[in-house]
2 protein chains.
Amino acid sequence: MPTTHSNTIPTIPEASSGSHDFFVQALGRSGLFANTQPSTFNRFAEQCQQRRYAKGTVLFLQEDEADWCYLIINGWVKLYRETLDGDEAVVDALTSGLMFGETAIFENGKYPYAAEVVEDATLLLLPIRLLAEQVKQDNQLAFNMLKIMSRFQRQQDKEIEHRTLQNAPQRIGCFLLRLCRAGAEGEIRLHLPYDKTLIASRLGMQPETFSRALGRLKNETGIKVQGSTVIVPSIESLSGYSCSACTSSYPCQDLY
Amino acid sequence: MPTTHSNTIPTIPEASSGSHDFFVQALGRSGLFANTQPSTFNRFAEQCQQRRYAKGTVLFLQEDEADWCYLIINGWVKLYRETLDGDEAVVDALTSGLMFGETAIFENGKYPYAAEVVEDATLLLLPIRLLAEQVKQDNQLAFNMLKIMSRFQRQQDKEIEHRTLQNAPQRIGCFLLRLCRAGAEGEIRLHLPYDKTLIASRLGMQPETFSRALGRLKNETGIKVQGSTVIVPSIESLSGYSCSACTSSYPCQDLY
């Protein structure tokens, strides 16, 4: 469950990396700014901020007025929604290079989900007003944003598809495959990026279902789990088991 | 299951409505062209085509080279993907005013899903090359497309959420609520827009699960089903039952 929301978000300033040059570098790596006008790019580099957040920080709640959109430098952030009864649905869990909060510009300036830092994270905060203004002026920025949203849409489609076609062990297998480097050979050691309870929520499973499904995946594919480390004896056995119930074949084209 | 794909798609020309004036009117109603430059709008009006398709027509398969994107004038179209084993996942079912196929411009010119007409449909075909070209030149067009994709993304998020938080009868209840006019009072008679097998697939259920869940929904909310007609005694009982396990309250903001 997310921690209580507070207006005074605890941040850890990073003097060394918060320079203009760092911003230029970090923004330059994001697909959002590829080939945009220098004036657009400079405005963002001047007005963005870098902040470091501890695990457990709630950045904003659903329907909060949006001041910023966020670019992840490192760490993990969970996007989620809550029902009135307090049940939580995880929309996605994002890491380095990915952006969130930007669709608030099409939602009357309000965030369509809540966001919580689930592993200590460094984020670049971009003023949402600047984004709303520039996206109407710099066509390349709008085009890049369309490209990013289109890719995200395809992933959401896949997610819906998997909830229909894949069983629970296959969905966990797919999650693990996405952590493997494509083309890796032999035994692979993976580090789970965040805790198992969140992995279960991210995959739309109850914790008990997740445990049972993980047990079955071990039997079917020979993977071993030691704490937050997973040993995959071969990608072939894991992809053979998981990807048979998917409309794409391994390796996926739409990996982050 | 979709019918076999054929390169010669059977179309029924509609001379009366295929005029330039009709195209201007139809495109004008689409949010995609709101406030775009007159030159953009005219290019689409000149180059679009109107076609009528019979139920069962497969318009294109996943990974087909994209020539057109489609605006639905009337009827229903199913977007779906298939696994190698022949299992099918329904991505969405769309009707009047909605567009599909347009994200092919971000997918190397290939459709990311297949499309089949599931109730006789009149479609407006817009050249995908023209869209790819104009979206880079007319910023308003790019902005409108972003708006449409953002709304679609929110709906996909909701879909994923419902598969986690709502049980099967609640998901059917939500589907029916979306067919009701918001604010309608007293008893409501609904016509199911397409057959029950497709409704089940659209909701990610096996036909048997759908039948059992519909039975339970009848008991819980007093709805009656006669063929393709559904009688809802009151919106309150249906929304009270379905929307308690959702992060939005009735009526939804994101209805088509």
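Laid out as a table, the results:
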{"quantity": "For B:Q137, inter-copy label distances in nm, listed shortest first [label point 7 Å out on the Cα-Cβ vector]", "calculated": "2.4"}
{"quantity": "Stretchable slack from B:Q49 to B:N108, in nm (0.36 nm times residue separation minus alpha-carbon distance)", "calculated": "18.9 nm"}
{"quantity": "Calculated label separations, A:V225, copies of the chain, 7 Å along the beta-carbon direction, nm", "calculated": "3.7"}
{"quantity": "Counting all C-alpha pairs of the range A:15-162, share separated by more than 27 Å (%)", "calculated": "19 percent"}
{"quantity": "Where labels lie 7 Å past Cα in the beta-carbon direction, separation of B:H20 and A:Q37 in nm", "calculated": "3.4 nm"}
{"quantity": "Computed P(r) (all Cα pairs; the range A:22-109; 5 Å bins; percent)", "calculated": "3, 11, 21, 23, 20, 13, 5, 3, 1, 0"}
{"quantity": "Separation of alpha-carbon centers, the range A:83-149 and the range A:183-256, rounded to whole Å", "calculated": "27 Å"}
{"quantity": "Overall dimensions of the protein assembly as shown as given by Cα atoms, namely Rg and Dmax in Å", "calculated": "23.5, 69"}
{"quantity": "Lys/Arg +1, Asp/Glu -1 at C-beta; chain B dipole; positive extreme among B:L217, B:L61, B:L79", "calculated": "B:L217"}
{"quantity": "Cβ-placed point charges (K, R +1; D, E -1), dipole of the protein assembly as shown about Cα centre in debye, nearest 20", "calculated": "400 debye"}
{"quantity": "Entries in A:K147/B:K78; A:K55/B:K110; B:K147/B:K218; A:K110/B:K224; A:K78/B:K147 that, when Cα-Cα distance is taken, lie over 29 Å", "calculated": "A:K55/B:K110; B:K147/B:K218; A:K110/B:K224"}
{"quantity": "Given charges at Cβ of Lys, Arg, Asp, Glu: the range B:122-184 dipole, positive-most of B:Q166, B:A142, B:Q155", "calculated": "B:Q166"}
{"quantity": "Pseudo-label separations to other copies for B:F175 - Cα-to-Cβ vector, 7 Å, nm", "calculated": "2.7"}
{"quantity": "B:K136/A:H191 FRET efficiency (R0 51 Å; Cβ-Cβ; nearest 0.05)", "calculated": "0.80"}
{"quantity": "Whole-angstrom Cα spans of chain B along principal axes, big to small", "calculated": "55, 40, 36"}
{"quantity": "Chain A, helix-only ellipticity at 222 nm - DSSP H runs n ≥ 4, -39,500 (n - 2.57), divided by all residues, nearest 500", "calculated": "-11500 deg cm²/dmol"}
{"quantity": "Rg over Rh [alpha-carbon atoms, Kirkwood Rh] for the range A:167-245", "calculated": "0.92"}
{"quantity": "Cα-based Rg / Dmax (Å) for the range B:96-175", "calculated": "15.8, 47"}
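Every number here is computed from the coordinates shown, using simple stated rules; none is lab data. These numbers come from a predicted model, not from an experiment. Here the Cβ is made from the backbone with ideal geometry for all residues, glycine too, and neighbour counts use every protein chain on show.
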